[in-house]
Amino acid sequence: MDRSAQDLFCGVLVAYENRASGASSSLADRVFCCPVCYEKYTSNIMMCQKGHAVCQKCYPHLEQCPLCCARYLGTRNFILEEIISELNRLNTCPEDAVKYILDAATLRDSAAAASSSQAAKVSSPGVRQGNNTQTAVREEKTVCRMQYCRISLLAKDLRGHLIEKHKENVFQLRASSYLSKSYFNFDLTCTGGNRRALLTEFGIFFLIIRVEKLNRLNPKDLIVTAWVQGTCTNNEAPLFYSWLQVNVRHIKATYHDYVHGSRSTVSQIEEKNECLNFAVRAEPYSTLKIQGYVCLNKNYSERPRRTETETEYCSNDNVSSSSTDDGYY
């Protein structure tokens with residue numbers, strides 16, 4: 001369902017959520033079924049002056065709205081008709097559509113809370129002064145994880161710092177909606193470490209790529225590791241998900257997992273193998289193509305953790321791939 005359809009559907013849910021119904025009626029029944037005959041709408045939908053809908057079959061037999069007693073003026077509910085048409089086109093039943101919208105709203109609220117805590121967390125220890133107890137407010141601090149920068153600053157100031165000090169490596173990721181994937185695509189060189197700051201609508205993330213020599217005897221044997229790290233806490237990290245794919249020479253490596261929280265260290269991530277990790281033989285200055293996305297993890301309670309990287313051999317003419325994500329997104 002595209003964003004315009006989602007907006008229309010959310011509007012209808014709000015408009016209809018106060019409709020009278022029995023305890024056993026679901027929200028989908030209240031929105032998509034006629035309140036007179038209880039049949040699902042299939043053709044033209046009529047509505048009263050206050051917006052309550054009835055089906056075209058029941059409409060001729062009614063003098064006033066059975067829900068609010070308002071008059072009928074022959075007005076059709078084109079918005080609801082458009083939503084039903086869109087659901088039919090997508091072969092989606094109303095119950096699934098309602099569940100999707102409600103799940104998305106729950107996830108959006110959870111992610112918004114997590115995103116807010118990234119910007120400024122407040123703790124309130126009591127400070128006694130005489131007989132009064134005052135509240136001391138402390139804003140949460142974070143660390144810039146860009147290359148050669150480990151400055152400690154207030155979380156709410158991080159975005160401004162990145163734009164001012166690391167502008168050439170800061171990227172604003174756009175998505176079609178708040179719940180969509182925010183994609184990125186970079187060409188880098190196989191030298192040391194590379195870092196990019198990814199600014200999204202739901203938080204700030206760092207793309208970290210490390211390229212190291214596998215042994216000193218052959219400088220062409222390289223180990224490549226990469227992951228996405230957020231400014232959220234480790235407990236909030238499962239609310240966000242990332243997919244990475246790296247192409248170098250004839251090797252294509254893919255990895256997807258939760259993002260890492262702000263307190264995770266390089267050694268912890270690499271020791272647990274919770275990152276993209278593969279070996280390749282390449283010149284130190286070979287081109288490394290990396291693509292991927294960051295998104296809200298709407299299935300975080302069902303999606304398993306990843307502990308391995310998928311690698312495959314590919315020709316130079318076939319180095320791209322779609323992000324299937326094993327069907328979890």
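The values are calculated or read from the model by the stated rules, or taken from the named source; none is laboratory data. Every value quoted in this text rests on a predicted model; they were computed, and no experiment measured them. Ideal geometry is used to build each Cβ from the backbone, glycine not excepted, and the neighbour counts take in all protein chains shown. To get the accessible areas, we keep the full protein, side chains included, count just its heavy atoms, and leave off ligands, DNA and RNA. Shrake-Rupley method; radii C 1.70, N 1.55, O 1.52, S 1.80 Å.
For the list (1) open to solvent by less than 20 Å² (accessible area, probe 1.4 Å); (2) in a strand (DSSP E or B); (3) in contact with a helix residue (DSSP H, G or I) (Cβ under 6 Å, 6 or more places away or on another chain); (4) not β-branched (Val, Ile, Thr), I need the number of the one condition that CYS232 fails.
The number of the failed condition is (2).
Which condition does GLN268 not pass, out of (1) without any contact (Cβ under 8 Å) to a residue 12 or more places away in the chain; (2) in a loop (DSSP other than H, G, I, E, B); (3) of a type outside the set (A, V, I, L, M, F, W, C), if it passes all the others?
(2)
For the stretch 137-174: of the residues being charged (D, E, K, R) and in a loop (DSSP other than H, G, I, E, B), which is nearest to the chain's Cα centre (by Cα)?
ARG174
Identify, by number, the condition in (1) under 22 Å from ARG150 (Cβ atoms); (2) open to solvent by 10 Å² or more (accessible area, probe 1.4 Å); (3) touching a residue at least 24 places away in the same chain (Cβ under 8 Å); (4) assigned to a strand (DSSP E or B) that ILE209 doesn't meet.
Against the list (1) under 22 Å from ARG150 (Cβ atoms); (2) open to solvent by 10 Å² or more (accessible area, probe 1.4 Å); (3) touching a residue at least 24 places away in the same chain (Cβ under 8 Å); (4) assigned to a strand (DSSP E or B), ILE209 comes up short only on (2).
Considering only residues of the stretch 182-202 that are modelled with pLDDT under 90 and within 20 Å of LEU239 (Cα to Cα), which is most open to solvent (accessible area, probe 1.4 Å)?
Filtering the stretch 182-202 for residues that are modelled with pLDDT under 90 and within 20 Å of LEU239 (Cα to Cα), the one most open to solvent (accessible area, probe 1.4 Å) comes out as GLU201.
Please go through the stretch 71-82 and pick out each residue that is open to solvent by less than 80 Å² (accessible area, probe 1.4 Å) and either in contact with a Gly (Cβ under 9 Å, 6 or more places away or on another chain) or not hydrophobic (A, V, I, L, M, F, W, C) (or both).
Selection gives TYR72, GLY74, THR75, ARG76, ASN77, GLU81.
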